[in-house]
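Below is one structure; the comments refer to it alone.
The values are calculated or read from the model by the stated rules, or taken from the named source; none is laboratory data. Everything numeric in this text was worked out from a predicted model, so none of it was measured. Backbone-built Cβ (ideal geometry, glycine too); neighbour counts: all protein chains shown. The area values use the complete protein model at the heavy-atom level, side chains included, leaving out ligands, DNA and RNA. Shrake-Rupley method; radii C 1.70, N 1.55, O 1.52, S 1.80 Å.
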Amino acid sequence: QVQLVESGGGLVQAGGSLRLSCAASGSIFRMKAMGWYRQAPGKQRELVAAITTGGITNYADSVKGRFTISRDNAANTVILQMNSLKPEDTAVYYCNTDPAYRYYWGQGTQVAVSS
């Protein structure tokens, strides 16, 4: 009924870039702050970037200056532009509301950064 589907992951070399896309069903997400989360093997899921309904953004210190979150409410998409990727960015990336709602978690998209 209401779903979030992530895409755009892949394998890149350190220093490379990826653009992740989150496709949201319905219009409900236009009224919610959104975030990109990631989970690396053996680690907790963490919020790396968030954007409010008004376009205010914030980032985890580890990605600040390298990642950019944006949203297109007309297209019901949330984008994460990832530049200057590091091996430490390797993780499965998910989108969700901010704060996250448990039933919105999807499959995520895998990002692997080689050194």
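Both radii are taken from the alpha-carbon atoms of the chain; with Rh as the Kirkwood radius, Rg/Rh is 0.94. Amide H to amide H distances under 5 Å link residue 9 with 110, where only residues 5 or more positions off or on other chains count and H is placed in the peptide plane.
Cross-link partners of residue 86 among aspartates and glutamates, defined as those whose alpha carbon lies under 17 angstrom from its own and excluding same-chain residues fewer than eight positions apart: 46, 61. What the chain shows is 54 Å² of accessible area per residue, with the surface traced by a 1.4 Å probe over protein heavy atoms. Around the amide H of residue 106, modelled in the peptide plane, lie the amide H atoms of 95, all under 5 Å away and 5 or more residues distant in sequence or on another chain.
For the stretch 3-63, the fraction of alpha-carbon pairs lying more than 12 Å apart is 76 percent, rounded to a whole number. Exposed loop sites here are trypsin sites (Lys or Arg not before Pro) assigned a DSSP state other than H, G, I, E or B and surrounded by at most 12 other beta carbons within 10 Å; excluding them, the longest clear run of the chain is 65-115.
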